[in-house]
Amino acid sequence: MNEHDLHDRVQVQITAALQRLALAAHWNSDPRVGELLDESRQLLDVAARDVRLFARGINPAVLESEGLRGAVRALAARFPGLVTTRVVAERYPQALESGLFLALSETVANAVRHAGASAIVVEVERDGECVVGRVTDNGSGTARFGAIGGLENLRVRIAALGGDTELHSEPGRGTRVTISVPLRSEVPQHG
């Protein structure tokens, strides 16, 4: 793990908490406000715990125990009604699962924080000797790779795994980020 990975993981947690806080403010006098604030507090607790774990180089427990499918489902659960998933139940090398999960997490956070998406679909499937992750949203469609920033960091991280990142973003029609990472026999598989 490096500082970018740590930042990206925390960003997802914080974005989820901010989404709930925005809902709480919207429902100002609604009795559900207390419940949303409690969920936000729990998310921030998870974020703080994840920072400690990542500082020691440990992946989220659900990624370790349930693989990509479980981790992506847990990610979606942080954004109820916003994120849906379609993920195969197959285990992959640890470095691939960790790198792809962090990239998918950052992409979801970007869709919520910067694109104002109201529907996000996260998919993971195997395509021959590659694992393909895809995040599609109905947000503003203004995402671009830049010299610095989250999407460029994502592309660099995936390239370090030997993979590719494609971005298709069209104003008013949303964004699709497709990440393809090759399976590598020299990387130890989960047992």
### Task
Give the peptides 132-144, 102-114 in descending order of average Cβ contacts within 10 Å, highest first.
102-114, 132-144
### Query
In nm, to one decimal, how far is the ALA159 label point from the HIS114 one, both placed 7 Å along Cα→Cβ?
1.7
## Note on the structure
The answer for VAL87, listing residues at least 5 apart or on another chain whose modeled amide H is closer than 5 Å to its amide H, is VAL124
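Any read-out appearing in this document is the output of simple, stated calculations on the displayed coordinates, not a laboratory observation. In this text the structure is predicted, and so the values were computed from the model without any measurement. Cβ coordinates were reconstructed from backbone atoms using ideal geometry, including for glycine residues, and neighbour counts include every protein chain displayed.
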